[in-house]
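Beneath this line is the structure, given in structure tokens, with notes to follow.
The values are calculated or read from the model by the stated rules, or taken from the named source; none is laboratory data. Model, not experiment: these values are computed from the prediction. Ideal geometry is used to build each Cβ from the backbone, glycine not excepted, and the neighbour counts take in all protein chains shown. We work out accessible area using only protein heavy atoms, side chains counted, and drop any ligands, DNA or RNA first. Shrake-Rupley method; radii C 1.70, N 1.55, O 1.52, S 1.80 Å.
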Amino acid sequence: MHYVSAEGLTKSYGINPLFKNISFHINEGDKIALIARNGVGKSTLLRILNGDETPDEGKLFIHKDVTVALFEQEPRFDESKTVLENIFHTDHPVMNVIRAYEMASEAEDGVALSELFGKMDDLNAWDFEVKVKQILTKLNIHHLEQPVRDLSGGQRKRVALAKTLIDIGFDHKHTLLMMDEPTNHLDVEMIEWLENYLNQENVTLLLVTHDRYFLDAVSEEIWELERENMYVYHGDYENYIEKKAARIESEQASIDKARNEYRKELEWMRKQPKARTTKSKSRQDNFYEVEARAKQRIEDAQLQLQVKMSRLGGKVVEMKKVYKSYGELPILKGFDYTFSKGERIGIIGKNGVGKSTFLNMLQQIEPADSGKINIGETVVFGNFSQQGLVIKENMRVIEYVKTFAENFPLANGGSLSAAQFLELFLFTPDKQYTYLNALSGGEKKRLQLLTILFTNPNFLILDEPTNDLDLPTLAVLENFLSDYQGCVLIVSHDRYFMDRLVDHLFVFEGGGEVRDFPGNYTQYRLWMKDNEKKENKWEVLEQRKSKGESTESAVAGRETPVAVQKEAMVKKKLSFKEKREFEQLEKELPELEAEKKQITEQMGSGNLSFEELNKMSGRILEIDRMLEEKELRWLELSEMGG
């Protein structure tokens, strides 16, 4: 089914066009990621498709049976109403009964619940109620009677996301879901759940995101807005990077050719007399076309910057037996760590476990309850916080940067002016004279980052630096940090960003426990999933053993519907050698259990000499060791089959 057709869309603010004469189509089932620099028009295009804005020129057709749903960066609510009232805002019998059911559940009103059970049955609302519960639980939305005006920024974003997902799941057969940075303020588990949810729902999707793993997981096509045009790339983010590089190379070759022609034509123009013939007039017109092509500038976000960093001494930061709690919520329990030069550490954990508090303690913005935090004398912190850009008065971008310094020193002894440094971070000369209050949210984030780096810190602390940054700016930041010689501490839910930059992780597991994991985020998640599978297998065995079953019975206990299916998969997927090994283990494990039982009975008889008891004790230890090894191998082979 044809959802959207756009022909020749143009939109400008002032004299600068955001996009010009772009055309595109969206069909049912399409999953499209829209990327561009901040301020180029991504959000504006979504608002045009949603009917909130109109294009200056062009035609837009949306099929009459298609419902357009837009999840915006800045959610809009009825501030006087509760979370529940905002989420279930549609006046429809099914939505009304679910809203009443949720209110009764929240109030633990048994009488109302018993009445609503029948209504839920009559309207076949239970399936949708299950979906609603899943969305609310996964997005950590619980206090439904809380007024939305009392919510934090992150809570508002999650409530808005829940509202959008519930809306599209209710009574809409044909929905175009448009999402503007949906992963901001979500922890990693929520992001991974959202990936799976969007794939299972089989929605038609137009997405703006800076999260490259999320982009690859949910989209199949990339649209890029650049220099007023739209470019389409089929495939994943890696394919986009390759195809864009090829396009830029081709365009650059075309520009170089135009420049050579331009030089020849310019020489001809200067030699011509004032009287022009018709033929020369035609050549003049062609000259101006060539001039326009020759003066094109292709900006590619690549930053090579050798920073003259403040010298970092031998002592960086030492944290010894540090404790911190908020009331009954422990943040750190005896945390010990000594930071070294050049370390790149990622910090992960669920929202509310104390990651930001840890960063504040490190910088001595917040005190520890006990323990010592010793900061080296040469350490200069650069703190990119979630608070955002702090300004006392409105001024132009270039003026604001010059309040920090006129020049930026380089490692080779040279320096960059404030204007040159701004250009490296994608602020064009025109943009440098824009007033701060006219910048987009992403541009303000970019300027915040730039001003922090301008102070030459040697210990960078980045708290969710990727929120609201566009992909070109992220490329600039990643290139800079890859060459940065100081310490870097990163809190981020952007898995791609973390994988590229960090050497190891501080995993805040809750309850004041912090695990130092030697690897990046993807390696940690693989390790976690592997451990979860093994723990689940061991739980099954331990449960059966606790009921008095031997390992033989536990193995035989696979004769359940799920177990039979697993056994069939084992036989189907294991190699011949592995299958034989698996079958042999199923024989050996019961035999070892039986031998252990027999020896235990003999040892308890009281008829054995000391030498015999000693020998049998050694055999028991040997059997236990063999059982542990063979059970682990049996579990591994079972897992391979699963």
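Straight-distance candidates among the aspartates and glutamates for linking to K119, with alpha-carbon spacing under 12 Å and chain neighbours fewer than 8 residues away dropped, are absent. Peptide packing: for 28-39, 142-153, the average count of neighbouring Cβ atoms within 10 Å per residue gives the ranking 28-39, 142-153, highest mean first. Pairs over the 31 Å Cα-Cα cut-off, from the set K11/K402; K163/K431; K157/K355; K244/K529; K315/K355: K11/K402; K163/K431; K244/K529.
Listed by chain and number, the aspartates and glutamates placed with their C-alpha closer than 12 angstrom to that of K81 are E145, D150; residues fewer than eight positions away on the same chain are left out. Among rounded, prolate and oblate, which fits the stretch 53-101 when a ≥ b ≥ c are the square roots of the eigenvalues of its C-alpha gyration tensor, a/c under 1.5 means rounded, and a/b larger than b/c means prolate? Taking the square roots of the gyration eigenvalues as a ≥ b ≥ c, the stretch 53-101 is oblate.
Using the alpha-carbon centroid of each, what span in Å lies between the stretch 417-438 and the stretch 92-160? Spelled out, the Cα-based centre of one part sits 48 Å from the other. Solvent-accessible area per residue in the stretch 309-370 equals 49 Å², computed with a 1.4 angstrom probe and all protein chains kept.
Anisotropy class assigned to the stretch 129-182 is oblate, per the alpha carbon gyration tensor with a/c at or over the 1.5 cut-off and a/b no larger than b/c.
Here is the list for the stretch 384-481: GluC sites (Glu not before Pro) lying in DSSP coil, each with at most 16 other C-beta atoms within 10 angstrom of its C-beta, are E393, E406.
Atom-type composition of the exposed protein surface of the stretch 107-217 places 45 percent of the accessible area on carbon and sulfur (1.4 angstrom probe). Multiplying the residue separation of K372 and E238 by 0.36 nm and removing their Cα-Cα distance gives an extension gain of 43.7 nm. Each residue was assigned an accessible area with a 1.4 Å probe, and for E532 the value is about 80 Å². Here the stretch 1-60 exposes an accessible surface that is 44 percent carbon and sulfur, computed with a 1.4 Å probe and the other protein chains kept in place. Working ranking of peptides 425-432, 238-245 by packing, defined as the average number of other Cβ atoms within 10 Å per residue, highest first, is 425-432, 238-245. Would you mind pulling out the separation of the Cα centroids of the stretch 338-380 and the stretch 461-514, in Å? The two parts, judged by their Cα centres, are 15 Å apart.
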